[in-house]
Amino acid sequence: MRRAVGTILEAGFQMESEAFKTLVEKGREDSLKPLVDEVLKMASLAQPRPLFISADLVLRAAEQLDLTAGPVVPVEGLGHGRRFAEDRESRLEVVFDPTGKLGTTGALDDFLRYFRSRFEKMSALFRQRIDTRSAGTISDALAGGTNGRGRFVCMVVEKREKANRIFLTVDDYDDEATVLVGDSNPSVWQMARRISRDQVLFLETRKSSGKLLVAENIVLPEIPDHKPGRASEEVYAVLISDVHVGSKVFMEDAFGRVLRWLKGEVGGPDQRHISDHVKYVLIGGDLVDGIGVYPRQEVDLKVPDIYEQYRLAAKLVGEIPEHMEVVLIPGNHDAVRQALPQPAIPKEFAGPVYDSRRIVSLGDPSEVRLDGVDFLLFHGTSLMDILSSAPGFDYQRPVEVMEYQLRARHLAPEYGKSTPIGPEMEDWLVVEHVPDVFQSGHIHVPGSGVYRGTTIVNSGAWQGQTDYQKRMGLVPQPGLLPVVNLQSMQVRMMDFRSE
């Protein structure tokens, strides 16, 4: 470790204390040198070049190298005394749950109210920032003479891209304009390429002819840099999603190893220490595989009965030790309405799961506070929409897409894509409160990172590659379990893929 730190210092970088702790945790004897090499490579390529190596950079380098905690293997003679988390009270608070708040007729007035809610919430976020607080209007920008400057909050109505130019049609409550983005300013150009319809932005423009404005700066709502809440003691949250009970390729053996680990029956001393300190298990949707979710799904099903799928899932959930708190939200494969936001899975279908043990069942998305740490729980259905429409994102790097959701302060920026969204009284998909941990799943590729103090975790999956995924060219990485230390905010990927 001394040699590793020396190598970093010789390369001209300083190390933050949290970065050193992360390097110690992630860099095992056989992987420390490759990890340091990757950290230096990423730091050297970053623009601007950083002076300090951060914990976020070390985490991203570890993710790039797929460094996990190693396989969890059985250990004999562990004993079964009292465990740390058994003697510790739960400190779980439900901060937000959409269940009971949903209901729309789909009338025109509902859509108008929904988009007004989005615009007003986003405008309020911009008013909280010093650099965007003094916003004018589109009318003000259009009223200026040639080359007059404008600063305003707007919603994107339409986007057209042609060669090296992007045209954004934007509006606010009073007016509409066309905004030209050229490639002469590379940072603004790259920002504009990822923008979608229905996003709310802050623009700085220069007046051209007619109702044409030229963009000089594009500002996303962003989350502020912040210090996350932390637990007063070493306590862990286990993040699970996309179990897909009922699928032919549900990884029953691997998931069984997770349950045995939670019960303290497998794992080395370090892994046993973590399981003894697990107090929370968060299940982020798609507990079962469902019925008729995608074309020809019946080919991929082992259990073609939705009620039987939940009965089988109940047996698994019931094995989670009773002293652990279990939080469950739905996904697009669960038996609940498909439009976001989703209410909690109804007892009509998931009754056996609720009867199997104590469950905190919430909708999607939801917010909970665990030992003072704020979690935003979202299944992640809209991730595929962003991946398919915004250049530069990669299916195998889910953390980058989730980071963009935080920067846009919205979980599903574009309305009318493949993700159905209900035009509710309020837009509950706006990220109004900055989370300490943001969890998603859905795309079956685990990952973790840190952005402006928020720990981002995609919790992967427990389903092998289906025929449908093969046809779509999607390659999942199932069998890895993210575990978050709520005291240090470090994420550990535990490998349950093999015995």
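Note on the stretch 242-278: among residues that are part of a loop (DSSP other than H, G, I, E, B) and out of contact with any Asp or Glu (no Cβ under 6 Å at 6 or more places or on another chain), the one that is farthest from Phe84 (Cα to Cα) is Val249. Among the residues of the stretch 91-107, those that are open to solvent by less than 50 Å² (accessible area, probe 1.4 Å) and modelled with pLDDT of 95 or more comprise Leu92, Phe96, Asp97, Pro98. Could you please give the count of residues in the stretch 432-445 that are under 27 Å from Lys227 (Cα atoms), in contact with an Asp or Glu (Cβ under 9 Å, 6 or more places away or on another chain), not in a strand (DSSP E or B) and not small (Gly, Ala, Ser)? So the count comes out to 4. Quick check on the stretch 22-29. Is at least one of its residues closer than 24 Å to Gly453 by Cβ, surrounded by 14 or more Cβ atoms within 10 Å (Cβ to Cβ), touching a residue at least 24 places away in the same chain (Cβ under 8 Å) and among the polar types (S, T, N, Q)? For the stretch 22-29, residues closer than 24 Å to Gly453 by Cβ, surrounded by 14 or more Cβ atoms within 10 Å (Cβ to Cβ), touching a residue at least 24 places away in the same chain (Cβ under 8 Å) and among the polar types (S, T, N, Q): present.
Consider the stretch 459-488 and keep the residues that are open to solvent by 10 Å² or more (accessible area, probe 1.4 Å) and among the aliphatic types (A, V, I, L, M). The one that is nearest to Val24 (Cα to Cα) is Val475.
Selection of first residues in the stretch 293-310 that are under 16 Å from Gly464 (Cα atoms) and of second residues that are modelled with pLDDT under 95 and open to solvent by less than 20 Å² (accessible area, probe 1.4 Å), restricted to Cβ pairs under 6 Å at least 6 apart or on distinct chains, gives the following pairs, ordered by first then second residue: Asp300/Thr466. Assess whether Arg407 counts as being over 23 Å from Ala19 (Cα atoms), surrounded by fewer than 19 Cβ atoms within 10 Å (Cβ to Cβ) and among the basic types (Lys, Arg). Yes; evaluated as a whole, the condition is true for this residue. Can you name every residue in the stretch 409-431 that is under 19 Å from Pro343 (Cα atoms) and among the charged types (D, E, K, R)? Once the filter is applied, which keeps residues that are under 19 Å from Pro343 (Cα atoms) and among the charged types (D, E, K, R), the stretch 409-431 yields Glu424, Glu426, Asp427. The residues of the stretch 85-110 that are hydrophobic (A, V, I, L, M, F, W, C) and either closer than 25 Å to His379 by Cβ or touching a residue at least 40 places away in the same chain (Cβ under 8 Å) (or both), listed by number, are Ala85, Leu92, Val94, Val95, Phe96, Leu102. Scanning the stretch 489-499 for residues that are in contact with a Gly (Cβ under 9 Å, 6 or more places away or on another chain) and either small (Gly, Ala, Ser) or open to solvent by 50 Å² or more (accessible area, probe 1.4 Å) (or both) gives Arg497, Ser498.
Each residue in the stretch 230-264 was checked for being in contact with a Lys or Arg (Cβ under 9 Å, 6 or more places away or on another chain) and acidic (Asp, Glu), and 1 pass.
Contact map, the stretch 333-344: first residue within 16 Å of Gly246 (Cβ to Cβ) and in contact (Cβ under 8 Å) with a residue 60 or more places away in the chain, second residue in a loop (DSSP other than H, G, I, E, B) and among the hydrophobic types (A, V, I, L, M, F, W, C), Cβ cut-off under 7 Å, separation 6 or more or different chains; pairs are His333/Val293. Regarding the stretch 80-88, can at least one residue be identified that is modelled with pLDDT of 75 or more, out of contact with any Asp or Glu (no Cβ under 8 Å at 6 or more places or on another chain), closer than 30 Å to Ile320 by Cα and assigned to a helix (DSSP H, G or I)? Yes, that holds for at least one residue. Residues that are more than 15 Å from Asp364 (Cα to Cα) and acidic (Asp, Glu) within the stretch 414-431 comprise just one, Glu414. Consider the stretch 415-431 and keep the residues that are part of a loop (DSSP other than H, G, I, E, B) and among the hydrophobic types (A, V, I, L, M, F, W, C). The one that is most open to solvent (accessible area, probe 1.4 Å) is Met425.
Scanning the stretch 86-121 for residues that are in contact with a His (Cβ under 8 Å, 6 or more places away or on another chain) and over 24 Å from Val281 (Cα atoms) yields one hit, Arg118. Report whether or not Leu282 is touching a strand residue (DSSP E or B) at 6+ places or on another chain (Cβ under 7 Å) and closer than 25 Å to Gly363 by Cα. Yes, satisfied.
The values are calculated or read from the model by the stated rules, or taken from the named source; none is laboratory data. A quick note: this is a predicted structure, and the numbers were derived from the prediction, not measured. With ideal geometry, Cβ positions are generated from the backbone for all residues, glycine too; neighbour counts draw on all protein chains shown. SASA here: full protein model, heavy atoms, side chains in, ligands and nucleic acids out. Shrake-Rupley method; radii C 1.70, N 1.55, O 1.52, S 1.80 Å.
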